[in-house]
2 protein chains.
Amino acid sequence: MRARVFVTLKPSVFDPQGRTIADALHSMGYAGVGDVRQGKYFELELDAPSADRARSMASEVADKLLANPVIESYRVEVD
Amino acid sequence: MRARVFVTLKPSVFDPQGRTIADALHSMGYAGVGDVRQGKYFELELDAPSADRARSMASEVADKLLANPVIESYRVEVD
């Protein structure tokens, strides 16, 4: 079963990488680009008996290793 | 309009970060974790008149700046 984990900085945390990307895009002529946020994306192959079990394993893994819960939030999708 | 861009290494490209994460999870007792791939995730606020236009702008931006098309592939979602 495949789980996808998206880790992003919390909205209250300044994202300098995203800001740099937005500035670069403006200087390349993309005036229509507003805020940009950069995050991390993980695809995990999980040996789990059900989607629920895969989801809870992926959440546990995100909490313990993939995300820093102080400044980051994450979202899990299973398919 | 918000576009989300997912950038991942092409399947044929070795992903040492993903491998390191998988090894770490195995040593933490998660034997059910198989392959792990790490990628990048971007959220872009776009001032575009339609979803199609936002999608094409996000693809252009991904091609030119966010992804390295030699070793990475990307996927765009608009909502």
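The values are calculated or read from the model by the stated rules, or taken from the named source; none is laboratory data. All values reported here derive from a predicted model rather than from experimental measurement. Note that each Cβ is placed from the backbone with ideal geometry, even for glycine, and that neighbours are counted across all protein chains shown. We work out accessible area using only protein heavy atoms, side chains counted, and drop any ligands, DNA or RNA first. Shrake-Rupley method; radii C 1.70, N 1.55, O 1.52, S 1.80 Å.
Observations on the model:
- Kirkwood hydrodynamic radius of the stretch B:2-78, from the reciprocal of the average inverse Cα-Cα distance over all distinct pairs: 13.9 Å.
- Shortest first, residue B:31 label-point distances to identical copies amount to 6.2 nm, with the label point at 7 Å from Cα along Cα→Cβ.
- Remark: label point of residue A:13 defined 7 Å out from Cα along the Cα-Cβ vector; separations to the same position in other copies 2.5 nm, ascending.
- Dipole check for the stretch A:2-78: with +1 at the C-beta of Lys and Arg, -1 at the C-beta of Asp and Glu, and the Cα centre as origin, the magnitude is about 80 Debye.
- Degrees, to the nearest 10: A:51-61 long Cα axis against longest axis of chain A: 60 degrees
- For the protein assembly as shown, calculated [θ]222 nm from helices alone, where every DSSP H run of n ≥ 4 adds -39500 (n - 2.57): -9000 deg cm²/dmol
- Both chains summed, the buried accessible area for B and A stands near 2600 Å², from protein heavy atoms and a 1.4 Å probe.
- Separation between Cα centres of the stretch A:3-27 and the stretch B:1-45, rounded to whole Å: 17 Å
- Each other copy holds its own label point for residue A:68; taking that point as 7 Å from Cα along Cα to Cβ, the gaps run 2.4 nm, nearest first.
- Carbon plus sulfur fraction of accessible area for chain B, probe 1.4 Å, in percent: 53 percent
- Residues of type aspartates and glutamates that residue B:10 reaches as a straight line, Cα spacing below 12 Å, ignoring anything fewer than 8 places off in the same chain: B:72
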